[in-house]
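The values are calculated or read from the model by the stated rules, or taken from the named source; none is laboratory data. Computed from a predicted structure; not experimentally measured. All Cβ positions, even for glycine, are placed from backbone atoms using ideal geometry, and neighbour counts span all protein chains on display. Remember, those area values only see protein heavy atoms, side chains included, never the ligands or the DNA or RNA. Shrake-Rupley method; radii C 1.70, N 1.55, O 1.52, S 1.80 Å.
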Amino acid sequence: MPLSAIDAILALQERLKHETNLPLQSVSLTPVDAKELDVLVSSVGASLPPAYLDFVSRHGLLSAVDSRGLERARMLSPVELLEALQWSRETIEEGCFGDNEDELEAAILEKKIRERLIPFQYIAFDNVSDYYCFDPGTRRDAGPLIFPARHDDFELATWLLDAEPDVSGCTFDFDEHLRWVLREGLEEQDWGR
């Protein structure tokens, strides 16, 4: 059985104390303010996976910094998560698809899909609005779909509204997501579709 995410994080922290030639320089957990978490839960509600809420409330927010000192992955604080939700909705509303009829139809579908996504972690750098997201509209027993959504990817509706979207490069398990992020950080890659 694989290590839990918290065990993998703690093991990597210990490893980083002794090995200096790894692609990651540090992995840390930052505690979350309980009041901010309460605001998030009251705003987003049952759409947040219990595994995410449990991890964040017990351990905090994961951050991984590479050997160049750049954040490779950072979970959003509750305030940042709510801001990212708002940004995502406003960006689609600004008509970034164009004015042709087929572009407007695509924008309507994309807006519909993006409204249900919950960004919770930067994919890499925090100066770009690319996030790992939960999709409560696509679920399995382990939880909602977790995948990378890039700010300039306007094919999410096409993918997620397919009768059987290919989710082979994604996960529904939050613990597995965190383990993938650590592993891919060590290999200097992003994971996902």
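Against the numbered list (1) farther than 14 Å from R74 by Cα; (2) at pLDDT 85 or above; (3) surrounded by 13 or more Cβ atoms within 10 Å (Cβ to Cβ), A107 comes up short only at (2).
Among the residues of region 151-187, those that are aromatic (F, W, Y) and in a helix (DSSP H, G or I) comprise W159, F174, W180. From the list V167, V128, the one residue that fits, being modelled with pLDDT of 80 or more and either touching a His at 6+ places or on another chain (Cβ under 6 Å) or over 18 Å from E115 (Cβ atoms) (or both), is V167.
Note on region 7-48: residues that are of a type in the set (V, I, T), touching a residue at least 12 places away in the same chain (Cβ under 8 Å) and either in contact with a Lys or Arg (Cβ under 8 Å, 6 or more places away or on another chain) or open to solvent by 50 Å² or more (accessible area, probe 1.4 Å) (or both) amount to 3.
Pairing residues of region 179-193 that are within 19 Å of G69 (Cβ to Cβ) and at pLDDT below 60 with residues that are in a loop (DSSP other than H, G, I, E, B) and among the hydroxyl-bearing types (S, T, Y), at Cβ distances under 6 Å and at least 6 apart in sequence or on separate chains, gives no pairs at all.
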